Amino acid sequence: MQPKIEKAPGEKIRVATCSLAGCFGCHMSFLDLDERLIELLDHVEFDHSPLDDIKDFRGDCDVGLIEGGVCNTENVETLRKFRERCKVLIAVGACAISGAVPALRNRIDVRELLEEAYVHGMGVDDGRIPTDPELPHILERVSPIHEVVKVDFFLPGCPPSPEAFWRVLNSVIEGRQPELTYDIMHFD
Ligand code: SF4
């Protein structure tokens, strides 16, 4: 993992997380650390994350955990901000690593998709495609995050197991390279 994070004794690792085009399953798996989360909080403090509902960065972070692929212009902006603010960026789960589930739409034209969802779809009555200028622009294809920014580490799984999160974050805390063994990988 690049670069190495150096901390003074007792200083906590600052972690930010986000979900781009993901289902939040990776975040749920992280929360499945259960009581180990309390132990983790002795060494980690969260910044911008849906876990603490902090909506923007309060400062630079050591680690950014990114779930989900890149499907719209807002995802690109968020991802670039994470790259700028986080020393180590980790692609979490199959969607962030390869596009996976959200990228299933890549073979279909975006206009056709929107019409199916909002105009012709089952149960849609007098529908129209939303055009509010505040809505992010949908990209032609969903991309894995490494196609947009440099990624330092890939944490595979759909979702990665709680044990995999545990090992990666503890490696960062202890300043070593994470080692993920096959026995803790699943659904990938
Ligand atoms: S990798 Fe799996 S669990 Fe994680 S966001 Fe994608 S579909 Fe959901």
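The values are calculated or read from the model by the stated rules, or taken from the named source; none is laboratory data. Given the structure is predicted, the values throughout are model-derived calculations rather than measurements. Positions of Cβ are backbone-derived with ideal geometry, glycine not excepted, and every protein chain shown enters the neighbour counts. Calculation scope for accessible area: heavy atoms of the full protein, side chains included, ligands and nucleic acids excluded. Shrake-Rupley method; radii C 1.70, N 1.55, O 1.52, S 1.80 Å.
At a glance:
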{"item": "Number of positions in segment 1-19 that are open to solvent by 20 Å² or more (accessible area, probe 1.4 Å) and within 12 Å of the ligand (Cβ to nearest atom)", "result": "1"}
{"item": "Residue match in segment 133-147 (condition: over 24 Å from the mean Cα position of the chain (by Cα) and either more than 23 Å from Asp34 (Cα to Cα) or modelled with pLDDT of 95 or more (or both))", "result": "yes"}
{"item": "Count - residues of segment 23-53 that are away from the ligand (no atom under 16 Å from the Cβ), in contact (Cβ under 8 Å) with a residue 60 or more places away in the chain and part of a loop (DSSP other than H, G, I, E, B)", "result": "2"}
{"item": "Unmet criterion (only one of (1) more than 14 Å from the ligand (Cβ to nearest atom); (2) on the phi > 0 side of the Ramachandran plot; (3) buried (at least 17 other Cβ atoms within 10 Å of the Cβ)) for Gly123", "result": "(3)"}
{"item": "Count of residues meeting criterion [open to solvent by 30 Å² or more (accessible area, probe 1.4 Å), within 30 Å of Glu174 (Cβ to Cβ) and assigned to a helix (DSSP H, G or I)] in segment 63-109", "result": "8"}
{"item": "When residues of segment 126-145 are limited to those that are of a type outside the set (Val, Ile, Thr) and touching a residue at least 24 places away in the same chain (Cβ under 8 Å), the one surrounded by the most Cβ atoms within 10 Å (Cβ to Cβ)", "result": "Ser143"}
{"item": "Of residues in segment 148-176 being in a helix (DSSP H, G or I) and of a type in the set (A, V, I, L, M), the one farthest from the ligand (Cβ to nearest atom)", "result": "Ile173"}
{"item": "Contacts under 6 angstrom Cβ, first residue in segment 80-102 being free of Cβ contacts under 8 Å to residues at least 60 places away in the same chain, partner in a strand (DSSP E or B) and within 16 Å of the ligand (Cβ to nearest atom), 6 or more apart", "result": "Ile97/Ala91; Ile97/Phe154; Gly99/Gly69; Gly99/Val142"}
{"item": "Candidates Arg128, Arg58, Arg85, Arg107 - the one that is of a type in the set (Lys, Arg) and touching a strand residue (DSSP E or B) at 6+ places or on another chain (Cβ under 6 Å)", "result": "Arg85"}
